[in-house]
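Heads up, the thing below is written out as structure tokens.
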Amino acid sequence: MRRGLGQQLYDDATQFRVQREFSPEVAIRAGALPYNHPPFEAALFVPFTLVPYPLAFALWDLVNFVMLIALPFFLAAHLSQLQKYPWPLWVLASVAFFPIFAALLQGQDAILLLLLYALAFVCLKGNRDVLAGGWLALGLFKPQLLLPLVVLFLVQGRKKILSGFLPIAAILLLVSVAIVGKEGMLLYPHYVMHLENTLARGAIVPSDMPNLRGALAIFFPGTPPHIVAVILVISLGLLLFTASECRKVFGKNLVELEFSLAAIATVLVSYHALIYDLSVLMVPVLLLADELLAGKRWGRHRVLMMVAMTTFFLPPLQVILSIRNQWAGILGWVLLLWLYGIAKEISFLTTSRGQPSEMRESV
């Protein structure tokens, strides 16, 4: 982009040639590590091309640390239990969350999406749905981790989100057209689908995806066509289930559970997600940790939620699954258990809140 070659952004040969300029000693790649994000995101990284690559990596990680430090300042007011702890402990806990550690290690952009998730939650909690829609739109550099979330909020009746989402999305579209041209934008979806169909010459490993696709790819390597159809059907069913559960909390001031359930469902149905993409789930971790610390009762579903969350704070397990064996798809099953635990918590709270106090105590 800095050289005016934006229209070649999705040309494999150009990508590989430029990548070899700043990483000539990477012997494991005979072709480009493909850039498959929308064009507008590339503009964010243009300033980093003005410095040597190692320095650019360090600067980007520094920016990511600043975003992690910002999290407690945005969320603390809504977390009565966790706000008792100083912000450095929040940051340490975030880095201990393996997806965030992986994002820092690889210099990924998932922590930026995490921050946008957090800002959207704060706005939804304050009934500022228009502003929440604007923050979510800025996360369209990972549309598969954004659009299902927006759909789930719309199903819950938060239609004002579109008033903030659509204008920002339109601006990002115009920026993308300015970068790659109209033809480039028309070809972009085909480019992404081509990468998925060819698995990007080994760069995409379905069994290493912690979502529904990865959960099934563990048992059906290569993701044959009929399994793709099964994934799509299950994904639709999961979204319908999540929407039904979220509607139970409408008007009951349970935004924390609503948001957490929708976020986990979004990751599960994303179709393309890697371990660092689960950084966004640090928001549900914080929201649910606060919920667990405030509760005096411990049912089986709460234990299930705690076990599921703890799984992502076990580096040896994560290294074995994701880095060594490319089996992160197993974590898709963990996310399903986590989702089930939250759904049971919603069912319990929405049922008990409608009962007399003496009956709630007996429950």
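A short reminder: the numbers here are calculations on the coordinates, not readings from a lab. Please read these numbers as outputs of a predicted model, since none were measured by experiment. Methodologically, a virtual Cβ is constructed for each residue, glycine included, from the backbone with ideal geometry; neighbour enumeration extends over all protein chains shown.
Summary table
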quantity: Distance-filtered residues of the stretch 275-307 - backbone nitrogen under 13 Å, label point 7 angstrom along residue 89 Cα→Cβ; calculated: 290, 293
quantity: Where a label projected 7 Å from the Cα of residue 22 along Cα→Cβ would reach, residues of the stretch 44-80 with amide N under 13 Å; calculated: 44-61
quantity: Nearest-ten-degree value, helix 53-75 long axis tilted from longest Cα axis of the chain; calculated: 20 degrees
quantity: Dipole in debye (nearest 20) - the chain, about Cα centre, beta carbon charges: Lys, Arg +1; Asp, Glu -1; calculated: 620 debye
quantity: Size descriptor, Kirkwood hydrodynamic radius, that averages inverse alpha-carbon separations across the stretch 66-188, Å; calculated: 15.9 Å
quantity: Size of the stretch 32-84 as Cα extents on the principal axes (Å, biggest first); calculated: 47, 24, 18
quantity: Most positive-pole-ward Cα, 255, 273, 10, against dipole of the chain from beta carbon charges; calculated: 255
quantity: Tally of Lys pairs whose C-alpha atoms are under 26 Å apart, taken over the chain, 8 or more apart or cross-chain; calculated: 22
quantity: The stretch 252-314: Cα Rg divided by the 2.2 N^0.38 Å rule of thumb; calculated: 1.16
quantity: Expected 222 nm ellipticity per residue - DSSP helices of 4 or more, -39500 (n - 2.57), all of the chain, to 500; calculated: -20500 deg cm²/dmol
quantity: Trypsin sites (Lys or Arg not before Pro) restricted to the stretch 140-231 and DSSP loop, no more than 16 other C-beta within 10 Å; calculated: 159
quantity: Phi to ³J(HN,Hα) by Karplus 6.51 cos²θ - 1.76 cosθ + 1.60 over the stretch 229-246, Hz, x for Gly, Pro; calculated: 5, 4, 4, 5, 5, 5, 4, 4, x, 5, 5, 5, 4, 5, 4, 5, 5, 5
quantity: Cα-centre dipole for the stretch 201-279 with unit charges at Cβ (Lys and Arg positive, Asp and Glu negative), debye to 20; calculated: 160 debye
